[in-house]
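Worksheet for the structure shown next.
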Amino acid sequence: KNIRIIITNLLAVLSLGLFAQNGSYKLEFDSQKYKKQTLEYRGQKFNIRAFEGIVYVANPVDTVYHKMNIYIPEAYFQGNSINGYSSETAPVFFPNQIGGYMPATPASTQNTGFGNERPMNNRANRDRREGRPRSDRPRTGNRDGQFRHADNRPSMMETAQKENTVIAALSKGYVVASAGARGRTNKDGNGRFYGKAPAAIVDLKAAVRYLKYNDKAMPGDANKIISNGTSAGGAMSALLGATGNNPDYQQYLDELGAANGSDAIFATSAYCPITNLDNADMAYEWQFNGIDHYRKGGMFASEGNNTEMNLTEQQTGVSTALKNMFPDYINSLQLKNLQGDILTLDKDGNGSFKTLVKSYVIASANKALKEGTDISQYKWIVIQNNVVTDLDWDAYIRYMERQKTPPAFDALDLSSGENNLFGTDIIDNQHFTEYGQQNTTTSASRADKHIVKLMNPMYYIGTPDSETAKYWRIRHGSKDKDTGLAISAILATYLQNRGYQVDYALPWDKPHSGDYDLDELFQWIDSISR
Ligand code: DHB
């Protein structure tokens, strides 16, 4: 009997540890709890301290994803400097591994970019969809490795082995902190979803607060947090940058027992942010209307469904309807180019905004040309005296190929990841646009408008109650069709117009991916941090 009591108590203590109740976790950083690691980057060895698996909120609802890894160069504990940074001045690089709006584990020195839970079309994925954590899964891939075929054969995008972003950043003298976050498939024992919007952004904010709260207790300057992410993770990085300290998120942060204080960050790096979701369907059709065939890719690519398919007549109709709605949206934003001219579109979708987007593609081709890339195969590019002067937009879009069917995000049959993101604790999938709900092929409900707002940086940039990050670096590959080019162009321009410093480019021929230009990323970080 005694043994039974002991076991019962033990189980109670254990489960308390796993599903902590109020205030079970301390928010004070424990500087003694680390492991030494010797890392190597491009032939150089260096030592760091690894503080892994820190629960970053007092009341986690999930101790798999509410965890953060913090890595600090040993030099900062010895009073030494790296790359011009000291223990007091080193920026804090804050990469997330969120992809597909799925739950994500923190990045580590052992792996980056494949620690997230992606809706891959294989058995492991079905396990994950049940909400079962897969921390045991070997994570040897890279950020491009997110899309695998059903038989686990690497997709086209992961053929190039990449460097580990965390190790690369540490070699530059940055402190690296990476937080896990809940995602749209998380489900508790009672069948309730607990990672639907806005969970992921709340989690990243809570982690930022932890870092700021503990700024004095650890090397690195938490006033210089530089967020980084790709795709849905890029969207969360942008949202983190846009919404610093906005009271809209307070209630959610309180529920988790996040540290008090600021969640504003210094800078945002975002690769192909799948953002501005409530306007992204229109942007997609503005770009792809007229392309009536598609090749599934991205999140839902799998063996057998990446062959070319045709849009149905109903879908081409949806495409045209959405395309026709886009000019009003653009014109309502009152965007300006660098010369101060207003950017507009006429009812056919032509005009100065299109010229702007095209100019970024031309700039991209020019950079590729200067770097020695052979772009002569693309007959739609006009090159004069070794300078790209123009391109045929329609031919460029045909070369890109359509990947998604209209509406690309708020799918009328509720089949998209974004429908799933905007579910509630008891409803798995919902619409989140007026068009989606009005044209639904199901009897679906629509997400609360406030929740949709909480996920879109456009509503927060430069507002009086947001402390928007001053520095932004936004990249969207010139061959990335997971969202329309207009989405990142709007984000970049809207920020620029409000006085934020924006470095925006569409890297040549890059498909949906991120962290492919770390040297340039780190140059940018150094240029704003020193
Ligand atoms: C991602 C890709 C998508 O196409 C999308 O709609 C949402 C997220 C991603 O890779 O994170």
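Computed from phi, the 3J(HN,Hα) profile of the stretch 516-522 under the Karplus parametrisation 6.51, -1.76, 1.60 (θ = phi - 60°) reads 8, 9, 4, 4, 5, 4, 6 Hz, with x in place of Gly and Pro. Among the GluC sites (Glu not before Pro) found in the stretch 338-442, those both in a DSSP coil and sparsely packed, with 11 or fewer other Cβ atoms within 10 Å of their Cβ, are Glu371.
Out of the DSSP beta bridges found with both residues in the stretch 215-365, what percent are antiparallel (nearest 5)?
Around 45 percent of the beta bridges assigned by DSSP in the stretch 215-365 are antiparallel ones.
Residues whose amide H falls under 5 Å from that of Asn228, counting only those 5 or more places apart or on a different chain, are Phe94, Asn96, Ser269, with hydrogens built in the peptide plane. Between the stretch 325-363 and the stretch 92-110, what is the separation of their alpha carbon centroids in Å? Going from one Cα centre to the other spans 34 Å.
In terms of other Cβ atoms within 10 Å, Leu414, Leu239, Leu170 run from fewest to most in the order Leu414, Leu170, Leu239.
Cα centroids of the stretch 498-530 and the stretch 247-286: 19 Å apart. With a Cα cut-off of under 23 Å and a minimum spacing of 8 residues unless on different chains, the lysine pairs in the stretch 284-428 number 20. Counting every other Cβ atom within 10 Å of each residue's Cβ, Phe94, Phe46 order from fewest to most as Phe46, Phe94.
A short reminder: the numbers here are calculations on the coordinates, not readings from a lab. From a predicted model like this one, the values you see are computed outputs, not experimental measurements. Note that we place each Cβ from the backbone using ideal geometry, even for glycine, and neighbour counts take in every protein chain shown.
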